[in-house]
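The values are calculated or read from the model by the stated rules, or taken from the named source; none is laboratory data. Since the model is a prediction, treat every value here as computed from it, not as a measurement. For neighbour counting, all protein chains shown are included, and Cβ atoms are generated from backbone atoms with ideal geometry for every residue, glycine included.
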Amino acid sequence: MSELKRTAKPDQALFSRYLRFSSILRCCDNGQHGVDRFFPGINVGGHRAFRPSVLAKELGIYDAVNVGAAGTLVIRKPGLRAKFLAELRRKLPLEATIAFCDGSELVRLEMDNPFGDEPTTNDVVQFVSILAEAGRRRVSLPIALPERGEWLVRIIGSKNRLVYGVYRRRMKTIGYLSQIDRLFGAPATTRSWNTILSVLRILKSRESGK
């Protein structure tokens, strides 16, 4: 990625990295990107297991914290971006596209109250998708997927690399969430708003010295 060719200034307290791994890793299929799936031979247990919690320990020098079982990492001392990403890639057991954002972007998103008065029920989940690179397409929002009948995904808005909305707990929902890649022209990974709030608590606890 072009990001690896750029030298970035060291990040301050809340400028941490939000990364995606595990089932959200991008793999190459016949030389092409864009297939969301588990990597062959990589699982959460057994031979060649990929354990984000172990990776977080290996990245201890960067003050890495693993959030949940899906493999969300908060890197609280990333230092130079290019150097950190190069080190991260060396420790991954396979080639991967990495989606990340600055912690400050999540803080601003929370302050903006992105979901407003959107109702929350057991059936509806608030989510944030992180693009692996700046979106190459302009999307008229809000948008509902599918466009006809009962919606399964509603994209409410976007800010830089962050795309947010709500989805219904249905078997077909994941297929519509994967369309975020196509709509914005960049690989994306999705996390629930509750996971994002957990990330924010970790960032804020470090800022407050807890």
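Any idea how many residues of segment 78-100 are in a loop (DSSP other than H, G, I, E, B) and farther than 21 Å from Leu203 by Cα? Outline the logic, then answer.
Going through segment 78-100, the residues in a loop (DSSP other than H, G, I, E, B) turn out to be 78-80, 92-100.
In the following step, the residues that additionally are farther than 21 Å from Leu203 by Cα were identified as 92-97.
Residues meeting the conditions: 6.
Applying the set (1) in the same structural domain as Glu150 (by TED's automatic domain parsing); (2) assigned to a loop (DSSP other than H, G, I, E, B); (3) of a type in the set (Ser, Thr, Tyr) to Ser129 leaves exactly one unmet item: (2).
Surrounded by fewer than 14 Cβ atoms within 10 Å (Cβ to Cβ), of a type in the set (S, T, N, Q), out of contact with any Asp or Glu (no Cβ under 6 Å at 6 or more places or on another chain) and modelled with pLDDT of 90 or more - does that describe any residue in segment 135-152? It would help to see each step written out before you state the result.
Pass one, segment 135-152, residues surrounded by fewer than 14 Cβ atoms within 10 Å (Cβ to Cβ): 136-138, 140, 142, 146-150.
After this cut, where a residue has to be of a type in the set (S, T, N, Q) as well, the list is 140.
Now drop any that are not out of contact with any Asp or Glu (no Cβ under 6 Å at 6 or more places or on another chain), which leaves 140.
Right, trim to modelled with pLDDT of 90 or more and you get 140.
So far as segment 135-152 goes, yes, one or more of its residues are surrounded by fewer than 14 Cβ atoms within 10 Å (Cβ to Cβ), of a type in the set (S, T, N, Q), out of contact with any Asp or Glu (no Cβ under 6 Å at 6 or more places or on another chain) and modelled with pLDDT of 90 or more.
All conditions but one from (1) at pLDDT 85 or above; (2) under 16 Å from Ser198 (Cβ atoms); (3) of a type in the set (Val, Ile, Thr) apply to Val124; the one that does not is (2). The set of residues in segment 102-149 being under 16 Å from the mean Cα position of the chain (by Cα) and hydroxyl-bearing (Ser, Thr, Tyr) consists of Ser104, Ser129. When the residues of segment 166-182 are filtered to those that are surrounded by 13 or more Cβ atoms within 10 Å (Cβ to Cβ) and not in a helix (DSSP H, G or I), the one that is nearest to the chain's Cα centre (by Cα) is Ser178. Among what's in segment 101-134 and is among the hydroxyl-bearing types (Ser, Thr, Tyr) and surrounded by 10 or more Cβ atoms within 10 Å (Cβ to Cβ), pick the residue that is nearest to Thr190 (Cα to Cα). Per the stated criteria, the residue is Ser129.
Between Arg51, Arg76, which is over 20 Å from Ala132 (Cα atoms), at pLDDT 75 or above and not assigned by TED's automatic domain parsing to the domain that holds Ile174? Reasoning before the result, please.
Working: Arg76 fails: over 20 Å from Ala132 (Cα atoms).
Answer to the check: Arg51.
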